[in-house]
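The values are calculated or read from the model by the stated rules, or taken from the named source; none is laboratory data. Computed from a predicted structure; not experimentally measured.
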Amino acid sequence: MSKPVTGVAMMMLYEEGKCRLDDPVSRYIPEFAKLRSIPGRTTTARRSWRTRGRSMTMRELMTHTAGLGYVLSAATR
């Protein structure tokens, strides 16, 4: 039930003008400012981490297009 509750809370904040959908997530959660990612799937054991070209937005979080997954490391699969 955490997703529906979080979604409603986000919509309430948006309606009150306390956040915008195009705001970067790092504005509210500073730890998200310097995210790195692995572009695509690689077959080599060594993966190259890259800094993201732009900040993740609140809209991407709400539409589940931010690229975040449930598994934080491929080694845990």
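Brief remarks follow.
- For the range 55-77, the set of residues classified as under 17 Å from R20 (Cα atoms) and either of a type in the set (D, E) or modelled with pLDDT under 80 (or both) consists of E60 only.
Per-residue answers, yes or no, for (1) assigned to a loop (DSSP other than H, G, I, E, B); (2) at pLDDT 75 or above:
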residue	(1), (2)
V8	no, yes
K18	yes, yes
D22	yes, yes
E31	no, yes
K34	yes, yes
P39	yes, no
T42	yes, no
